[in-house]
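Following: one structure in structure tokens, then a few remarks.
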Amino acid sequence: MKIAVFPGSFDPITKGHVDIVKRAIPLFDKIIVAIGFNSEKKYFFDLDKRIQFIESVFAQDPSVVVDTYNKLTAFYCQEKGAKFLLRGLRNSTDFNYENTIAHLNATIGEGLETVFFMAKAKYSCYSSTVVREIIRGGGDASLFLPDVVVKLI
Ligand code: ADP
């Protein structure tokens, strides 16, 4: 069984994240969208909301499941029997960060492979940070969000 973990904060999930998962569905038997949380960190949407958003988006995709974790990503993957990590690349800033993390995960995770998808051009400026800033400022962030998430917010 080929299992991939897509780790992130998903605060909240955007159309950019959704596109990465949809493109990865044909490659894996199971994709775990794993919300990493840290009790020290403040999030905009609480964990239950973020889970609900993701579950609603992938309600019609049986191979996609949602989970949460608060240990090292590589250890979480071992626990789940996942040999692949899924990440998206928007630009060179993402690349520089992801390059380091992918090597770290391969070492700690004993061969854990990170599979990268290039962000589609139309989504390459989408980020959860931008969405949070718009909502904080009272603007409309629906362009960046899956329709089901817009309805739930
Ligand atoms: P983190 O908190 O680890 O940065 P995020 O929830 O922001 O996690 O993102 C998780 C993953 O999704 C990262 O690999 C990130 O590069 C990718 N990602 C975020 N936004 C987009 C987008 N618009 N297009 C493609 N990939 C994206």
Of all residues making up segment 82-94, the number that are surrounded by 12 or more Cβ atoms within 10 Å (Cβ to Cβ) and within 11 Å of the ligand (Cβ to nearest atom): 7
Per-region count, segment 48-105, residues in contact (Cβ under 8 Å) with a residue 60 or more places away in the chain, assigned to a helix (DSSP H, G or I) and over 16 Å from SER9 (Cβ atoms): 3
Test: residue in segment 134-141 that is under 17 Å from PHE10 (Cα atoms), within 19 Å of the chain's Cα centre (by Cα) and either within 14 Å of the ligand (Cβ to nearest atom) or free of Cβ contacts under 8 Å to residues at least 24 places away in the same chain (or both): yes
Matching residues, segment 106-130, being without any contact (Cβ under 8 Å) to a residue 40 or more places away in the chain, part of a helix (DSSP H, G or I), within 13 Å of the ligand (Cβ to nearest atom) and not polar (S, T, N, Q): ALA121, LYS122, VAL130
Filter result (of a type in the set (D, E, K, R) and under 15 Å from the mean Cα position of the chain (by Cα)) within segment 72-89: ARG87
Residue match in segment 28-39 (condition: of a type in the set (Ser, Thr, Tyr) and modelled with pLDDT of 95 or more): no
Unmet requirement for GLN60, which otherwise passes all of (1) under 16 Å from LYS22 (Cα atoms); (2) within 13 Å of the ligand (Cβ to nearest atom); (3) surrounded by fewer than 16 Cβ atoms within 10 Å (Cβ to Cβ): (2)
Subset of segment 1-15 that is more than 8 Å from the chain's Cα centre (by Cα) and closer than 23 Å to ASN105 by Cα - its residue that is farthest from the ligand (Cβ to nearest atom): MET1
Matching option when the condition is at pLDDT 95 or above and over 27 Å from LYS122 (Cα atoms), among THR14, THR68: THR68
Qualifying residues in segment 103-142 (those that are over 14 Å from LEU85 (Cα atoms) and β-branched (Val, Ile, Thr)) - the one surrounded by the most Cβ atoms within 10 Å (Cβ to Cβ): VAL131
Selection within segment 1-27 - in a loop (DSSP other than H, G, I, E, B), out of contact with any Phe, Trp or Tyr (no Cβ under 6 Å at 6 or more places or on another chain) and surrounded by fewer than 21 Cβ atoms within 10 Å (Cβ to Cβ): MET1, SER9
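The values are calculated or read from the model by the stated rules, or taken from the named source; none is laboratory data. Given the structure is predicted, the values throughout are model-derived calculations rather than measurements. Note that each Cβ is placed from the backbone with ideal geometry, even for glycine, and that neighbours are counted across all protein chains shown.
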